[in-house]
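The values are calculated or read from the model by the stated rules, or taken from the named source; none is laboratory data. From a predicted model like this one, the values you see are computed outputs, not experimental measurements. In this analysis, Cβ positions are derived from the backbone assuming ideal geometry, glycine residues included, and neighbour counts consider all displayed protein chains.
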Amino acid sequence: MPWDSTNGLVFDKVLRSNMSADLQTLTTPILARLENVTVPTLMGLRAQVIHNDVHSGNVMRRDESSEEVAGLIDFGDLIHAPLINDLAASGASFAENFENPIAAISALVEGFHAVLPLEEQEVELLHDLVLLRLILTIELLDFLLRNSDNPGVSREEFSSIVETLKRVAALDPMEASESYRRACGLAHGKKPYTIANESELLDRRAIALGPTYSLFYEEPIHLVRGRGVWLYDADGREYLDCYNNVASVGHCHPHVVGALAGQAKALNTHTRYLHEAVVEYAERITATLPGDLNVCMLVCTGTEANDLAYRMAQTVTGHKGAIGTDQAYHGNSMAVTELSTCEYPVSERPDYLAVVNVPDVYRGAYQVSGAELGPKYANLVDGAIDQLEARGHGTAMFMCDAIFDGYGILAAPPNYLREVYAKVRAAGGLVIADEVQSGLCRLGDHMWGFEDSDVIPDIVTMGKPMGDGHPLAVVATTAEIAIEFATKFSYFNTFGGNPVSAAVGNAVLDVIEKEQILQNVHDVGSYLANGLRQLAGRHDLIGDVRGKGLYLGVELVQDRITKEPAIKEADHVVNRLKQNGILVSRAGHLGNVLKIRPPLIFARPHAELLLDELESALADC
């Protein structure tokens, strides 16, 4: 049935390739969100037999002068589908026939809801589903106009529907959803945010938050909402988010938001009471981990996770010494800040910390490739172990990311972690994998970054992306280590592992499974990395492209021979991209690496848009 919005025809590449360039430009950004966020959520909503084509031409009145509806005709499109699709089909018709689409659809919603009450998630998706119906209509009619002698529609009628899509696509989705919610009695009639003067807001922020907080970009963005891979400012400007890994499965994913709201309405407390969702979440996390990593301790942030992991290592080994990597960041508690070597000068490092250089094939001491690289850098750990022994601390742990972000997005080379782990364990220490940035499918081949190196840590820490924006973090370890730690300490965290956080965490795992996130990261990440390397072939400003999955770095240099960092150019590119609606950031100890780390639902059209705008920004340098 071609008019079934859920059968995926609207995303068909052959059908879309027949469309004009103008129509593809109009519809592609919308479809990226619909495919990755809207339709997967839609499939979980209540379904029944629906008419699927209730528009003005199919409605019968009592007589020509009557407003009373006598019935419907044309049941040829009748299907079993999500109930809300019936309302979306009618909404698309109303949008075409009324000057104010939001007001017209809101009236439709109010009448529908009075007879058959709508669920909140159905109302939340309605705006997107109206867009979906309009795009499907345009695609099918465009195909008929191009390929049929009797298409059943005129060019004028087709143009009218295209103009309707343009008007609906230009609407504020938040405003539309809020209006539909009010029509159902689900809102209080207030705008979801108040737009303040940005200059005034900057002054207020400086006073209220103090000088330690910084802002991105030369001209800061006043963001008010997000959806999928898109962020929106107070003026309604749309930005493609190529930076925020916290919103792992997309900003405000309906399934995650629904889980959060549903559990918050039912109960929120701590882990000293039984709650099935908390236990289920721990079980689902450990099921993704190799070896004997089968115990979870639930906390709120990556900082708390790494702080607890260090405490556990000290307790279990009886040592205090820690080995970290140069330019690392692991959090902002007192202990973890001292492990975060990017945060303060070398001269201030505590004596219980020994630091090793990261394996950097581009600028490091050993610029070799293949099997040699890992062992050469791993051997530096021997000196760190000796330092800690000489200082009387011994070795409690080695902690590192699977990708060295602070040094400019460097992936661990083959055999590096395997050899480091063996050396640290031989010295009596534990090995800790900080998966706050590289975990949860980010690198594209495995759920967790350390799995790329075919190793099993003693402790794994997780944070940022676990809750899709909700504060949720995890420490995973073996039963043996957990039991030994418990002989000296009990652990309790008022908010860590609360039922709302567990519901959110479970919802994120649902999305990862149902939307095949790992495969998407692999495919889109490979496509994007290849596109960046092609850019490097055309722009000498790019010295190196590196990283993995959807965690990529582009190092900019003044000269490819001397590798002099192009810091001003990197800053210019970041701000130029922002001006053109693309958000990336800078990384690396020299400040010349473009950091590309979008939500995991990033799709190929998004990658193409990023590559096009990046080429334009590079050409402008």
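Observations on the model:
Residues are listed down the side, and each one gets a yes or a no for (1) closer than 25 Å to Ala411 by Cα; (2) of a type in the set (A, V, I, L, M):
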| site | (1), (2) |
| --- | --- |
| Gln314 | no, no |
| His330 | yes, no |
| Thr337 | yes, no |
| Ala371 | yes, yes |
| Leu380 | yes, yes |
| Gly383 | yes, no |
| Met397 | yes, yes |
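- Filter pass, Leu223 being touching a Leu at 6+ places or on another chain (Cβ under 7 Å) and modelled with pLDDT of 90 or more: no
- The set of residues in the range 359-418 that are farther than 23 Å from Pro457 by Cα and hydroxyl-bearing (Ser, Thr, Tyr) comprises Tyr362, Tyr366, Ser369.
- Qualifying residue in the range 148-161 (condition: modelled with pLDDT of 90 or more, out of contact with any Cys (no Cβ under 9 Å at 6 or more places or on another chain) and surrounded by 18 or more Cβ atoms within 10 Å (Cβ to Cβ)): yes
- Strands (runs of 3 or more DSSP E) (entirely within the range 469-571) containing at least 1 residues that are closer than 23 Å to Met399 by Cα, within 21 Å of the chain's Cα centre (by Cα) and of a type in the set (Phe, Trp, Tyr): 551-556
- The lone exception for Pro350 - which of (1) exposed (fewer than 15 other Cβ atoms within 10 Å of the Cβ); (2) of a type outside the set (Gly, Ala, Ser); (3) modelled with pLDDT under 95; (4) not in a helix (DSSP H, G or I) it fails: (3)
- In the range 531-575, residue surrounded by the fewest Cβ atoms within 10 Å (Cβ to Cβ) [restricted to those that are basic (Lys, Arg) and more than 18 Å from Asn244 (Cα to Cα)]: Arg538
- Considering (1) surrounded by 12 or more Cβ atoms within 10 Å (Cβ to Cβ); (2) within 17 Å of Leu83 (Cα to Cα); (3) at pLDDT 85 or above, the lone condition that Val39 does not fulfil carries the number (3).
Let's see how each residue does on (1) assigned to a helix (DSSP H, G or I); (2) closer than 30 Å to Cys252 by Cα:
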{"position": "Leu131", "(1), (2)": "yes, yes"}
{"position": "Val153", "(1), (2)": "no, no"}
{"position": "Glu163", "(1), (2)": "yes, yes"}
{"position": "Arg167", "(1), (2)": "yes, yes"}
{"position": "Leu171", "(1), (2)": "no, yes"}
{"position": "Ser177", "(1), (2)": "yes, yes"}
{"position": "Tyr180", "(1), (2)": "yes, yes"}
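- For the range 386-400, the criterion of being crowded, with 16+ Cβ neighbours inside 10 Å, in contact (Cβ under 8 Å) with a residue 60 or more places away in the chain and out of contact with any Gly (no Cβ under 9 Å at 6 or more places or on another chain) is met by none of the residues.
- Pair list, Cβ under 9 Å, 6 or more apart: the range 1-12 residue more than 16 Å from Thr28 (Cβ to Cβ) and modelled with pLDDT of 85 or more, other residue crowded, with 17+ Cβ neighbours inside 10 Å and among the hydroxyl-bearing types (Ser, Thr, Tyr): Trp3/Thr137
- Qualifying position, being in contact with a Ser or Thr (Cβ under 9 Å, 6 or more places away or on another chain), over 17 Å from Trp230 (Cβ atoms), in the same structural domain as Gly76 (by TED's automatic domain parsing) and surrounded by fewer than 16 Cβ atoms within 10 Å (Cβ to Cβ), among Gly44, Gly57: Gly57
- Any hit, the range 43-55, residues being over 25 Å from the mean Cα position of the chain (by Cα) and at positive phi: yes
- Arg146 among the basic types (Lys, Arg) and either touching a residue at least 12 places away in the same chain (Cβ under 8 Å) or under 13 Å from Thr27 (Cβ atoms) (or both): yes
- Restricted to the range 486-499, and to residues there that are of a type in the set (A, V, I, L, M, F, W, C) and within 12 Å of Cys300 (Cα to Cα), the residue that is surrounded by the most Cβ atoms within 10 Å (Cβ to Cβ) is Phe495.
- Only one of Ala365, Ala335 that is outside any loop (DSSP other than H, G, I, E, B), out of contact with any His (no Cβ under 7 Å at 6 or more places or on another chain), over 16 Å from Asp401 (Cα atoms) and at pLDDT below 95: Ala335
- Scanning the range 445-460 for residues that are outside any helix (DSSP H, G or I) and buried (at least 23 other Cβ atoms within 10 Å of the Cβ) gives Trp448, Pro457, Asp458, Ile459, Val460.
- Number of the exception - Thr269 against (1) assigned to a loop (DSSP other than H, G, I, E, B); (2) surrounded by 20 or more Cβ atoms within 10 Å (Cβ to Cβ); (3) among the hydroxyl-bearing types (Ser, Thr, Tyr): (2)
- Asp22 vs. criteria at pLDDT below 90, exposed (fewer than 14 other Cβ atoms within 10 Å of the Cβ) and more than 24 Å from Ala170 (Cα to Cα): no
- A count restricted to the range 300-332 and to residues that are within 17 Å of Val424 (Cβ to Cβ) and part of a helix (DSSP H, G or I) stands at 9.
- Remark: pairs (first residue in the range 44-68, without any contact (Cβ under 8 Å) to a residue 60 or more places away in the chain; second residue in a loop (DSSP other than H, G, I, E, B) and loosely packed, with under 10 Cβ neighbours inside 10 Å; Cβ separation under 7 Å; 6+ apart in sequence or on different chains) = Arg61/Glu68; Arg62/Glu68.
- Unmet requirement for Val511, which otherwise passes all of (1) surrounded by fewer than 22 Cβ atoms within 10 Å (Cβ to Cβ); (2) in contact with a His (Cβ under 7 Å, 6 or more places away or on another chain); (3) among the hydrophobic types (A, V, I, L, M, F, W, C): (1)
- Output for the range 411-431, where each listed residue is closer than 21 Å to Leu443 by Cα, of a type in the set (A, V, I, L, M) and either surrounded by fewer than 22 Cβ atoms within 10 Å (Cβ to Cβ) or at pLDDT below 95 (or both): Ala411, Ala412
- Subset tally (residues that are touching an Asp or Glu at 6+ places or on another chain (Cβ under 6 Å) and closer than 21 Å to Ile161 by Cα) for the range 52-64: 3
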